[in-house]
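Chemist: The structure's right below; bear with me while I get my questions together.
The values are calculated or read from the model by the stated rules, or taken from the named source; none is laboratory data. Quantities reported herein were computed from a predicted structural model and do not represent experimental measurements. Cβ coordinates were reconstructed from backbone atoms using ideal geometry, including for glycine residues, and neighbour counts include every protein chain displayed.
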Amino acid sequence: MSGSPIARLYNHPNAMRSNRTIPQDRARIVLVGFMGAGKSTVGPILAERLGWRFADSDHHLQARAGMAIAELFSTVGEAHFRRMEAEAVAELHREGGLVLALGGGAIESEATRSLLARSSDTFVVFLKAPLKVLIERCENQPDAAVRPVLRQRDTLAERFQARLPHYERAHLTVETKGLSAEAVADSILDSLLQAKPEPHAAAALTTDLL
Ligand code: S3P
């Protein structure tokens, strides 16, 4: 795997020393953040640059359930939706060489939080922006799928605050306000470049981001 894209990133001469090991062939990047964070826009750019596959947990869940997110939400209720979402995430998370965008509320699931925390070969990246900016971005996406949680305006700020500590457990946080999707992808790749392999473990990756 020494020639894999992530290995090349980690072999960058400017890399810094770090202390966690990631098996190269199973590495993946998971993008988390509130609705409008840019996960589904930045993800494909990142995947293309790494030569990896991009997957979106919302799309996977919709395909699995055979219905749109909003329909699923109203048919089975939010609690059941979260369980189905956690299963969809767990299924996708088995893949390596993957950039995975999670639905904004996926980290509400304890199972998903624990999956991400336990995985030593996953980089979790939080795409951060102020709530006002996130709402504006969502409103400027007239073709986006209906987001039931976005419609619950009275509880939106509370939900945002409750999710923040979970998002902030990511290995890397990128402030996205004012940045293009390309610039956010560059910033993630630049951060990955700051790590290098342990000299005695050629097949392993290490990083101080974890
Ligand atoms: C949700 C976010 C949506 C989607 C669903 C619920 C949420 O995904 O999963 O509408 O609870 O924040 P995006 O973050 O991709 O919009």
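Chemist: In the range 142-164, what residues are within 20 Å of the chain's Cα centre (by Cα) and not basic (Lys, Arg)?
Modeler: Residues satisfying the conditions are Ala144, Ala145, Val149, Leu150, Phe160, Gln161, Ala162, Leu164.
Chemist: Looking at the range 63-91, I want the residues that are outside any helix (DSSP H, G or I) and have a partner that is not hydroxyl-bearing (Ser, Thr, Tyr) with Cβ atoms under 7 Å, at least 6 apart or on another chain. Which pairs are those?
Modeler: What qualifies is Ala68/Gln62; Ala68/Ala145.
Chemist: Here's a follow-up. List every residue pair whose Cβ atoms sit under 6 Å apart, with the two residues 6 or more apart in sequence or on different chains, where the first one lies in the range 129-147 and is under 13 Å from Ser40 (Cβ atoms) and the second, anywhere, is part of a loop (DSSP other than H, G, I, E, B).
Modeler: These pairs meet every condition: Arg137/Gly36; Cys138/Met35; Cys138/Gly36; Arg147/Met35.
Chemist: Filtering the range 122-142 down to residues that are away from the ligand (no atom under 13 Å from the Cβ) and either in a loop (DSSP other than H, G, I, E, B) or of a type in the set (Gly, Ala, Ser) (or both), which residue is modelled with the lowest pLDDT? Can you show your working first?
Modeler: Step one: filter the range 122-142 for residues away from the ligand (no atom under 13 Å from the Cβ), giving 122-125, 128, 130, 132-133, 136, 140, 142.
From what's left, either in a loop (DSSP other than H, G, I, E, B) or of a type in the set (Gly, Ala, Ser) (or both): 130, 140, 142.
On the way: Pro130: 97, Asn140: 91, Pro142: 78.
Top of the filtered list is Pro142.
Chemist: Quick test for you: out of Ser114, Ser119, pick the one residue that is under 25 Å from Gln62 (Cβ atoms), of a type in the set (S, T, N, Q) and in contact with a Lys or Arg (Cβ under 9 Å, 6 or more places away or on another chain). Working first, answer last.
Modeler: Values: Ser114 fails: in contact with a Lys or Arg (Cβ under 9 Å, 6 or more places away or on another chain).
From the options Ser114, Ser119, the qualifying one is Ser119.
Chemist: Among the residues of the range 146-155, is any within 13 Å of the ligand (Cβ to nearest atom), closer than 28 Å to Gly51 by Cβ and of a type in the set (S, T, N, Q)?
Modeler: Checked the range 146-155: no residue is within 13 Å of the ligand (Cβ to nearest atom), closer than 28 Å to Gly51 by Cβ and of a type in the set (S, T, N, Q).
Chemist: Assess whether Gly77 counts as being touching a Lys or Arg at 6+ places or on another chain (Cβ under 7 Å) and at positive phi.
Modeler: Numbers: touching a Lys or Arg at 6+ places or on another chain (Cβ under 7 Å): no; at positive phi: yes.
When the stated conditions are applied, Gly77 does not pass them.
Chemist: Also, I was wondering about something else. For residues in the range 158-184 being over 26 Å from Ala117 (Cβ atoms) and surrounded by fewer than 17 Cβ atoms within 10 Å (Cβ to Cβ), which is nearest to the ligand (Cβ to nearest atom)? Walk me through how you get there before you give the answer.
Modeler: Filtering the range 158-184 down to residues over 26 Å from Ala117 (Cβ atoms) leaves 177-183.
Filter once more, so that each one left must be surrounded by fewer than 17 Cβ atoms within 10 Å (Cβ to Cβ): 177-178, 180, 182-183.
Values: Lys177: 17, Gly178: 20, Ser180: 19, Glu182: 19, Ala183: 20 Å.
Applying the filter and picking the extreme gives Lys177.
Chemist: List every residue pair whose Cβ atoms sit under 9 Å apart, with the two residues 6 or more apart in sequence or on different chains, where the first one lies in the range 30-56 and is over 20 Å from Ala117 (Cα atoms) and the second, anywhere, is of a type in the set (Val, Ile, Thr) and near the ligand (Cβ under 10 Å from one of its atoms).
Modeler: Final answer for the pair search is Met35/Val149.
Chemist: Here is a further query. So which of Ala47, Ala37, Ala27 is more than 9 Å from the ligand (Cβ to nearest atom) and within 22 Å of Ala111 (Cβ to Cβ)? Steps first, please.
Modeler: Numbers: Ala47 fails: within 22 Å of Ala111 (Cβ to Cβ); Ala37 fails: more than 9 Å from the ligand (Cβ to nearest atom).
After applying the criteria, what remains is Ala27.
Chemist: Specify which of the listed residues (Ala88, Ala117) is closer than 25 Å to Leu150 by Cα and either out of contact with any Phe, Trp or Tyr (no Cβ under 8 Å at 6 or more places or on another chain) or among the hydrophobic types (A, V, I, L, M, F, W, C) (or both).
Modeler: Details: Ala117 fails: closer than 25 Å to Leu150 by Cα.
Criteria check complete, one pass: Ala88.
Chemist: Of everything in the range 16-44, what is in a helix (DSSP H, G or I) and at pLDDT 95 or above? Give them in sequence order. I'd like the intermediate steps shown before the answer.
Modeler: First, the residues of the range 16-44 that are in a helix (DSSP H, G or I): 24-26, 39-44.
Passing the criteria: Lys39, Ser40, Thr41, Val42, Gly43, Pro44.
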